[in-house]
1. Among (1) within 18 Å of the chain's Cα centre (by Cα); (2) at pLDDT 90 or above; (3) in a helix (DSSP H, G or I), which single condition is Gln298 missing?
2. Pro245 passes all but one of (1) assigned to a loop (DSSP other than H, G, I, E, B); (2) touching a residue at least 40 places away in the same chain (Cβ under 8 Å); which number fails?
3. Inside region 120-214, counting only helices (runs of 4 or more DSSP H) that do not spill past its ends, which hold 3 or more residues that are over 25 Å from Phe242 (Cβ atoms)?
4. Given the conditions (1) aliphatic (A, V, I, L, M); (2) touching a Phe, Trp or Tyr at 6+ places or on another chain (Cβ under 8 Å); (3) surrounded by fewer than 15 Cβ atoms within 10 Å (Cβ to Cβ), report the number of the one that Val92 does not fulfil.
5. In region 266-307, what residues are of a type outside the set (Gly, Ala, Ser), open to solvent by less than 60 Å² (accessible area, probe 1.4 Å) and either free of Cβ contacts under 8 Å to residues at least 12 places away in the same chain or more than 19 Å from Ile235 (Cα to Cα) (or both)?
6. Does Ala38 count as among the small types (Gly, Ala, Ser), closer than 22 Å to Ala291 by Cα and either open to solvent by less than 60 Å² (accessible area, probe 1.4 Å) or assigned to a helix (DSSP H, G or I) (or both)?
7. Considering Phe146, Phe181, Phe233, Phe242, which residue is of a type outside the set (Val, Ile, Thr) and in contact with a Gly (Cβ under 9 Å, 6 or more places away or on another chain)?
Amino acid sequence: MTTTAAPPPALRTPPRRRRRRIEERGWLFVAPFAIVFALVFLAPLAYSLYLSLFRDQLIGGNAFVGFDNYLTAFADPKFWEGFGRVGIFLVVQVPIMLVLALAAALAIDSARLHAAGFYRMVIFLPYAVPAVVAVLMWGYIYGDQFGLAGNLNSLLGSDVVQPFVPEWMLVSIGNIVTWQFVGYNMLIFYSSLKTIPSDLYEAASIDGAGAWRTIFSIKIPAVRGAIVIATIFSIIGSFQLFNEPNILKPLAPNTISTFFTPNMYAYNLSFAGQQYNYAATIAIIMGVITAVIAYVVQLRGSRQEAR
């Protein structure tokens, strides 16, 4: 019987040195992402913060003003008008979209729906359409002089359908966003439903639970985390509302103003008004508000899951 002798102490690798090597290898793997993250996220964010603390003046040029731009923004009625508009959009459109997406996911997940794969593809298909193409398509459908709305008005003999009037503009935009993103959120919910163990369904069937009881007692609690994620994404998307009103603006110039949403306001301040400092301030404020609200939603969702 042969025994192998332990290597002499001089040939052993010290634990600290081994840990350092492991840490160095880890940093090498993380380095590409860290560099890209710093260049495309941290650097623009730091530059925006820097711009927000300055103001381009007629006398003195670009001068440091501290938090004066933020005080001006908080007293700006245009900013608060656009913020209130996206707030209403968030409160109304997001619940409707998520409820429709959840209903579609539950229907496709049920065994009673025939050709579930076909319906899943059809509902998801609008998300695959580029956002600009989708808005242009709906814009021509909404046109009361040349589109489907105009044809309906001609058929009825009166201007009944007017999607571009101020009272219906947010509803028209909400319809476009809902049409685009119901399929995306449906896929999130459907993927979460597929992770539910089949043992739970068997136990519910043995206990005599019906379809509705199974939905409310098993399926919806199981997708609560996915609902929180979809809600956070939808909140961020609502506060970033830009493409839809900006593309529809030429079709409804009297309804959609340059400050229709905070993002449009910042865009027009920067590229049309050359007010880069104030535009950066608006962007920073909206970013902070969005992050705070998303964090609160995530915190509440985590607490409910813990219960």
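1. For Gln298, the exception is condition (2).
2. Against the list (1) assigned to a loop (DSSP other than H, G, I, E, B); (2) touching a residue at least 40 places away in the same chain (Cβ under 8 Å), Pro245 comes up short only on (1).
3. It comes to 148-156, 169-193, 198-206, 211-214.
4. (2)
5. Asn268, Leu269, Asn277, Tyr278, Thr281
6. Yes: the conditions hold for Ala38.
7. Result of the check over Phe146, Phe181, Phe233, Phe242: Phe181.
A quick yes/no check of all residues on (1) open to solvent by less than 80 Å² (accessible area, probe 1.4 Å); (2) under 21 Å from Ala226 (Cα atoms); (3) under 25 Å from the mean Cα position of the chain (by Cα):
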{"position": "Ala105", "(1), (2), (3)": "yes, yes, yes"}
{"position": "Ile108", "(1), (2), (3)": "yes, yes, yes"}
{"position": "Ala134", "(1), (2), (3)": "yes, no, yes"}
{"position": "Leu152", "(1), (2), (3)": "yes, no, no"}
{"position": "Ser158", "(1), (2), (3)": "yes, no, no"}
{"position": "Asn175", "(1), (2), (3)": "yes, no, yes"}
{"position": "Gly183", "(1), (2), (3)": "yes, yes, yes"}
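The values are calculated or read from the model by the stated rules, or taken from the named source; none is laboratory data. Just so it is clear, the structure is predicted and the values come from calculations on it, not from any experiment. For neighbour counting, all protein chains shown are included, and Cβ atoms are generated from backbone atoms with ideal geometry for every residue, glycine included. Heavy atoms of the whole protein, side chains included, go into the accessibility calculation; ligands, DNA and RNA do not. Shrake-Rupley method; radii C 1.70, N 1.55, O 1.52, S 1.80 Å.
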